[in-house]
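This report concerns only the one structure given below.
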Amino acid sequence: MCIRLAAGYVLFVMAFFVSAMTANGQETSLIGIYQGSGLTAAANHLGQGGYELSGGTKVSFDKWYHSKWIDMRFEMLTQLSDDFGLLWGASTGQHAEKVRIDPGVKLGFILQKRPTPSTPLSLTVSSILGGNLTERPCTADYGPVGGFQTVNCRLAASQLRPADTLKYMANINPSRLKLDLRFRGEF
């Protein structure tokens with residue numbers, strides 16, 4: 001519910017921004033709509049494997065790390081002049097029981113110059129705000145010896161002390177800054 005509300009709010013703000021830019025004569029174009037990302041792949045990787053309980057019951061990580069909704073994002077370009085445009089977009093995020101990718105916002109710009117009519121040079125700079133992947137712990141029952149303890153779900157059956165497994169919880173940020181410099185010459 002919280003993710004949908006946040007995504008709805010971001011989309012509303014973005015739609016307001018587009019309508020304001022269009023009203024001023026600026027052209028806004030959809031660059032792309034994407035589903036999944038490097039963080040989606042990381043979340044899927046966390047869900048691989050499992051362990052066996054002392055009674056022989058197998059526990060798969062997939063049920064904790066599998067998300068029914070895959071992170072979806074869109075990117076737009078608002079052209080302010082022939083040589084300059086604003087990049088912007090948003091992502092919905094995704095969540096499962098033990099892993100979450102937060103919604104994010106992408107902001108940036110494209111600057112283009114033409115030293116000659118057939119040689120464009122462009123610089124694209126963009127940044128992502130939000131969009132972090134975080135893993136949540138489990139509560140494990142270590143029986144009469146250890147009792148109930150908070151533990152990294154994936155390492156609950158390892159040789160590590162339960163408290164030490166928490167150091168290995170996933171906390172991954174998306175690439176925050178992207179720079180792309182392109183030069184093309186036509187002959």
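Here are the numbers for the structure shown:
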quantity	calculated
Residue list for the stretch 138-178, filter: assigned to a loop (DSSP other than H, G, I, E, B), closer than 29 Å to D71 by Cα and either of a type in the set (D, E, K, R) or in contact with a Lys or Arg (Cβ under 6 Å, 6 or more places away or on another chain) (or both)	R176
Set A163, A156, A140: member being among the aliphatic types (A, V, I, L, M), free of Cβ contacts under 8 Å to residues at least 40 places away in the same chain and in contact with a helix residue (DSSP H, G or I) (Cβ under 8 Å, 6 or more places away or on another chain)	A140
Enumeration of residues in the stretch 130-167 that are surrounded by 18 or more Cβ atoms within 10 Å (Cβ to Cβ) and of a type in the set (D, E)	E135
Those strands (runs of 3 or more DSSP E) lying entirely in the stretch 38-129 with at least 2 residues among the hydrophobic types (A, V, I, L, M, F, W, C), in contact (Cβ under 8 Å) with a residue 60 or more places away in the chain and surrounded by 13 or more Cβ atoms within 10 Å (Cβ to Cβ)	84-91, 99-101
Qualifying residue in the stretch 167-181 (condition: charged (D, E, K, R), farther than 21 Å from L77 by Cα and at pLDDT below 90)	no
Selection within the stretch 22-79 - over 28 Å from A170 (Cβ atoms) and in contact with a strand residue (DSSP E or B) (Cβ under 9 Å, 6 or more places away or on another chain)	T22, Q26, E27, T28, S29, L30, I31, M76, L77, T78, Q79
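The values are calculated or read from the model by the stated rules, or taken from the named source; none is laboratory data. Keep in mind it's a predicted model, so treat the numbers as computed, not measured. We place every Cβ from the backbone using ideal geometry, glycine too, and count neighbours over all the protein chains shown.
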